[in-house]
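Okay, so here's the structure we're looking at.
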Amino acid sequence: MRYPTLHLEALWTDLRYTVRTLARSPLFTATAVVTLAVGIGANAAIFSVVDALLLRSLPYPEPERLALVTTHYRSPAGEGERWAQDGRAWEAIRDHAELVDAAPFSNWVTGVNLFAGGEALHVDQQRVGAGFFRVLGVQPALGRGFLEAEDRPGGPDVVILSDGLWRRMFEGDLAILGRSILLRGEPHTVVGVMPAGFRSTEKADLWTPLRPSTSGEGAGTNYGIVARRGPGVSPEQADAEIAALGAALWEEQGNGGGEVEIRFALGSLQRGLAGGLQLPLFALWGAVGLVLVVVCANLASLMLARSSRRTREIAARMALGSGRGGVVRQILIESLVLASVGGAFGVLLGALGIDLVAGMAGDVLGVWQPVTLDARVMGVTALLALATSVAFGLAPALHASRLDLRAALVEGGSGGALSSRGGATRWPRRLLLVGEVAVGALLVIFAGLLARTFVNLSALDPGFEPEGVVSATLSLQDARYETRDEIERLFGESLEHIRRIPGVEAASVGLGLPFERPLNLGYRVIGGTGEETEVVAVSARYVTSGYFDTLRVPLLLGRPLGETDGPEAPPVAVVNRAFVERALEPAGLGGSPVGARVAIGGEELEIVGVVGSVLQSPRGLGGEAPLEGIPMVYLPAGQIDDEVFTLVHTWFQPSWVVRSALPEEATIAGIRSAMHDVDPRLPFAAFRSMAKVEADALGFQRVLMQMILTLAVIATLLTALGIYGLVANAVAERTRELGIRLALGATRDQVIRAVTLPGVGLAVVGAALGGGAALASARLLGHFLWGVSATDPWTLLGGAAALVVVAFGASLLPAMRVLDLDPARTLREE
């Protein structure tokens, strides 16, 4: 019974000895702790984001039973998947599914106008079907969910509030149920308030009935369908039922057979909510993991150097009966103590890092669960610290246990890392250094490629002059603006007021903004060699007179849209250069685009002008770049039908674009005052300069570049520290040898080169390996690049060369200590 006590006493003795020895080496201890804190803190911060988006269970009861209805495509050209569905898909599942409880929802969150208590507020609205909250398993804290009768065309106008909006605008009034509020310009009865902290599939302030159909928006893939498996129903059973319903639907629509295979399936709700972030998040997590590899290699190298300087101490312990096991235990305890202290500081850095990451990337990445250092993240961090202690402490411990006891006690020497002696110590440290440089070079190359992508995108010609332009966006999904006459009156009066502001040069209105995703419609070219062409998707935007002058979009041919292009005039359109190149030229009309005719939505339009292409997001049109000059058709606002206005304002919001010589704040104040004079119940959703609109459009590329660049800088600094420590240790161990060489006639330049070149040589090998690793991972990185190849030789060579330069500087600094050597003194000591 005494053996466990003796064992614990030995551990306690080793622990006290470790604390004393580390306290006697403050520089080593501080270096190790700071290095560990940086590596573990970075991992904790990034893991918390990955956990919130991809790993943590969804905040709904029994989330494992939840799924999204997805559509899988397979053809000779490849495979694809989407989770957006149309109205026919919803009706098939609603009417025939027996194993799942399902509900539709809009995959668009739109801003709408709320007026209550004399205050106008722009809020985010999500439209959901009856049963949506039941399927998620979360019922309103007050009131009820939507009824079937409310989720039909012509049903009662009702609304459910979020807890935050209820408390913010209605001060948590418990009598809110049954109260009428003015939403979208018409009365809505409040029937429920959701619990605090509830988050739907999208971030929203309130919910209204979806009222799904098979026409209008329901004719396209604009719905999501969330499903919950019934009790006792296996995933395979539910998936088979959904697949069978999909097969029957495709056959009914005449889409069965052929080379394209289409099937319904139940996909992960969590993956669907994360969108396309899985790959970039795991890539980012992998990058921060590489930083931890550098940390471990650095610390292992420091521990090896430390153990080589402690040969007499270790030999004495072994001679006094400690044994090899005791030596291994002692060094592992040192590693564990360092990892524990470094991990504790890493948690503090991780907490700061979480705030930094959330502030920098929360909106861009769509983080919608709380990102905190909770018990889950803390547990992973603790395991990470433990694994790290073993990773950087095991090799030095095993190396120290193989000490030649007699040589250590008799000769008292230790092999220098770069000296001709002590090869057993030299090569492990060299290999670790090569690995550090390789990882550092890999991250620097990745950061360089992402930086070039961002620079390439930022340098694209926007197709207009964004300087001096301020945009003001608001919602016209409003009962007071459902007709063309009402909307034309609003546009005309507001623009008249804005143009009278001193310093305003021009103003106009357009549906959406440059750099953002526009409305997509189908078109056909009429005449030319492409007569009776099939319907093809194109981007469209209605604009008021003066739009091209306001943005200074160059007019290439014909005329712009003007005041005379009203409802009584012949239907016309202006197209951009990309439309001419991709639509009219293949139809044989590229030489004479003005006068050509296209059919959009069943209406024939005459092209009266051609303008330059403005950068837009090609999302929905299959574009590869985040921003492109995509084919665009500009339509006069005065020729848009009432039904079209109502439909497009369900998804998109018009923006007033104002070119002004005033400061941005003064321009915004003027626009706000002008709109208040016209309609005080129309709150603006956002005011942004065009530079801010572009920055938002490239937010994902910017955040990814910044994060990888930060990790690359950390890895480079750690690598430099490792090289510096290696060379400094070599200089310290070879001081006598170097002094003798100087005394025997060697120049100081020769001695400095002898000390510096081995470190630089190892860096060259590591940089080459890092470049090779970058080439091997080119396919993965290619998903995040634009305008530069993942195998771009200049970036590969530049990244590798940067690490070699850093290695040269880190090697040269400690080597310069040779200049302080006194050869005569060295000879006297010999």
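The values are calculated or read from the model by the stated rules, or taken from the named source; none is laboratory data. Owing to the predicted nature of the structure, the values given are computational and were not obtained by experimental measurement. Glycine also receives a Cβ, built like all others from the backbone with ideal geometry; neighbour counts cover every protein chain displayed. SASA here: full protein model, heavy atoms, side chains in, ligands and nucleic acids out. Shrake-Rupley method; radii C 1.70, N 1.55, O 1.52, S 1.80 Å.
Please specify each residue of the range 112-125 satisfying the condition of being more than 29 Å from the chain's Cα centre (by Cα), touching a residue at least 12 places away in the same chain (Cβ under 8 Å) and surrounded by fewer than 20 Cβ atoms within 10 Å (Cβ to Cβ). Hits for the range 112-125 are 115, 116, 117, 119, 120, 121.
For the range 612-631, a residue qualifies if it is closer than 17 Å to residue 521 by Cβ and surrounded by fewer than 22 Cβ atoms within 10 Å (Cβ to Cβ), and the qualifying residues are 617, 618, 619, 620, 621, 622, 623.
Restricting 237, 270 to residues that are modelled with pLDDT of 85 or more, assigned to a helix (DSSP H, G or I) and polar (S, T, N, Q) narrows the list to 237. The conditions of being under 22 Å from residue 90 (Cα atoms) and part of a strand (DSSP E or B) are met by residue 227. With respect to the conditions (1) under 27 Å from the mean Cα position of the chain (by Cα); (2) assigned to a loop (DSSP other than H, G, I, E, B), residue 655 falls short on a single one, namely (2). Quick one: would you say residue 68 is on the phi < 0 side of the Ramachandran plot, open to solvent by less than 30 Å² (accessible area, probe 1.4 Å) and in a loop (DSSP other than H, G, I, E, B)? It is false that residue 68 is on the phi < 0 side of the Ramachandran plot, open to solvent by less than 30 Å² (accessible area, probe 1.4 Å) and in a loop (DSSP other than H, G, I, E, B).
A single member of 728, 695 is open to solvent by 30 Å² or more (accessible area, probe 1.4 Å) and either closer than 22 Å to residue 448 by Cα or assigned to a helix (DSSP H, G or I) (or both), and it is 695. When residue 770 is tested against (1) farther than 16 Å from residue 287 by Cα; (2) touching a residue at least 24 places away in the same chain (Cβ under 8 Å), just one condition goes unmet, and that condition is (1). Can you spot a residue in the range 542-564 that is open to solvent by 70 Å² or more (accessible area, probe 1.4 Å), of a type in the set (Val, Ile, Thr) and touching a Lys or Arg at 6+ places or on another chain (Cβ under 6 Å)? No, because not a single residue in the range 542-564 is open to solvent by 70 Å² or more (accessible area, probe 1.4 Å), of a type in the set (Val, Ile, Thr) and touching a Lys or Arg at 6+ places or on another chain (Cβ under 6 Å). If the condition is being more than 15 Å from residue 606 (Cβ to Cβ) and either in a strand (DSSP E or B) or within 36 Å of the chain's Cα centre (by Cα) (or both), then the range 567-582 contributes 576, 577, 578, 581, 582.
On inspection, residue 439 fails the criterion of being closer than 30 Å to residue 650 by Cα and either among the hydrophobic types (A, V, I, L, M, F, W, C) or assigned to a helix (DSSP H, G or I) (or both). The strands (runs of 3 or more DSSP E) found entirely in the range 130-193 that carry 3 or more residues being over 23 Å from residue 87 (Cα atoms) and out of contact with any His (no Cβ under 6 Å at 6 or more places or on another chain) are 180-183, 186-193.
Within the range 69-106, being acidic (Asp, Glu), at pLDDT 85 or above and more than 22 Å from residue 201 (Cα to Cα) holds for 95, 98. When 591, 609 are checked against the criterion of being more than 20 Å from the chain's Cα centre (by Cα) and either at pLDDT 90 or above or open to solvent by less than 60 Å² (accessible area, probe 1.4 Å) (or both), 609 stands alone in meeting it. Each residue in the range 781-797 was checked for being out of contact with any Phe, Trp or Tyr (no Cβ under 8 Å at 6 or more places or on another chain), among the hydrophobic types (A, V, I, L, M, F, W, C) and part of a helix (DSSP H, G or I), and 4 pass.
Considering 757, 762, the condition of being more than 33 Å from the chain's Cα centre (by Cα), in a helix (DSSP H, G or I), at pLDDT 80 or above and surrounded by 18 or more Cβ atoms within 10 Å (Cβ to Cβ) is satisfied by 762 alone.
Within the set 128, 49, 109, the sole residue that is closer than 25 Å to residue 206 by Cβ and open to solvent by less than 10 Å² (accessible area, probe 1.4 Å) turns out to be 128. The condition of being assigned to a helix (DSSP H, G or I), within 27 Å of the chain's Cα centre (by Cα), buried (at least 18 other Cβ atoms within 10 Å of the Cβ) and in contact (Cβ under 8 Å) with a residue 40 or more places away in the chain holds for only one of 457, 513, that being 457. Mind listing just one residue for me: the one in the range 546-566 that is small (Gly, Ala, Ser) and in a loop (DSSP other than H, G, I, E, B) and, of those, farthest from residue 485 (Cα to Cα)? Step by step, filter the range 546-566, then rank; the result is 546.
With the condition kept exactly as written, say whether any residue in the range 152-171 is among the β-branched types (Val, Ile, Thr) and open to solvent by 20 Å² or more (accessible area, probe 1.4 Å).
Taking every residue of the range 152-171 in turn, none turns out to be among the β-branched types (Val, Ile, Thr) and open to solvent by 20 Å² or more (accessible area, probe 1.4 Å).
Scanning the range 240-262 turns up no residue that is assigned to a strand (DSSP E or B), under 30 Å from residue 49 (Cα atoms) and touching a strand residue (DSSP E or B) at 6+ places or on another chain (Cβ under 6 Å). Of the residues examined, residue 495 is not one that is under 21 Å from residue 603 (Cα atoms) and either part of a loop (DSSP other than H, G, I, E, B) or not basic (Lys, Arg) (or both).
On the stretch given as the range 516-544, residues that are modelled with pLDDT of 95 or more and more than 33 Å from the chain's Cα centre (by Cα) total 1.
Take residue 598 and tell me if it is at pLDDT 95 or above and closer than 25 Å to residue 491 by Cβ.
Spelling it out, it is not the case that residue 598 is at pLDDT 95 or above and closer than 25 Å to residue 491 by Cβ.
Exactly one condition in (1) in contact (Cβ under 8 Å) with a residue 12 or more places away in the chain; (2) open to solvent by 10 Å² or more (accessible area, probe 1.4 Å) is not met by residue 669; state its number. With (1) in contact (Cβ under 8 Å) with a residue 12 or more places away in the chain; (2) open to solvent by 10 Å² or more (accessible area, probe 1.4 Å) applied to residue 669, the lone miss is (1). For the range 187-201, filtered to residues that are under 30 Å from the mean Cα position of the chain (by Cα) and buried (at least 20 other Cβ atoms within 10 Å of the Cβ), the residue that is modelled with the lowest pLDDT is 201. Being more than 30 Å from residue 49 (Cα to Cα), modelled with pLDDT under 65 and part of a helix (DSSP H, G or I) is a description that applies to residue 317.
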